[in-house]
Amino acid sequence: MITESLYQLGLAFFGLSLDNIAEHRLGLFTQIHEIVFHGQGGYDWNTVYNMPIWLRKFTFSKMDDFYKKNSKQANDLAEQTNQIKSGKISIDPKFQNQKNRIPKY
């Protein structure tokens, strides 16, 4: 006997199905790992796991923004250094012959 579902989606509830539960768990644990690892000791696994979802997403978003900004600044500095070495950017002559001089006190 074949029965039809009374629900248009096939499920009587909204939630995880067997098809997407592995992907959801991977995303959850990856987010927890990133917060704990890049939090530099500010968070432990249990605290992040038990955070409200909105707070965990907010924390992850702020950390992601911070590290992207730092990465961009580091890349800009490295690019500028390469341009100076290749001669594309000229340095004022009074600074060219100066090595890392240690000031005398």
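A short reminder: the numbers here are calculations on the coordinates, not readings from a lab. Here the structure is a predicted model, which means the values were calculated and not measured.
Give the shape of the stretch 29-89 as rounded, prolate or oblate, defined through the alpha-carbon gyration tensor: a ≥ b ≥ c are the square roots of its eigenvalues, a/c under 1.5 means rounded, and otherwise the shape is prolate if a/b is larger than b/c and oblate if not. It is prolate, given that a/c is not under 1.5 and a/b is the larger ratio. Sequence neighbours fewer than 8 away in the same chain don't count; with that in mind, list the lysines whose C-alpha is under 30 Å from Lys104. In chain and number order, the partners are Lys85, Lys94.
Rounded to the nearest whole Hz, the Karplus-based 3J(HN,Hα) values (6.51 cos²θ - 1.76 cosθ + 1.60, θ = phi - 60°) of the stretch 62-73 follow the sequence 5, 5, 4, 4, 4, 6, 5, 5, 5, 5, 5, 5, with x at glycine and proline.
Based on C-alpha pairs under 8 angstrom that are at least 6 apart in sequence, the stretch 29-89 has a relative contact order of 26 percent.
Across the stretch 43-52, coupling constants 3J(HN,Hα) worked out from phi with the 6.51/-1.76/1.60 Karplus curve, θ = phi - 60°, read 9, 10, 4, 4, 5, 5, 4, 8, 5, x Hz, and Gly and Pro carry x.
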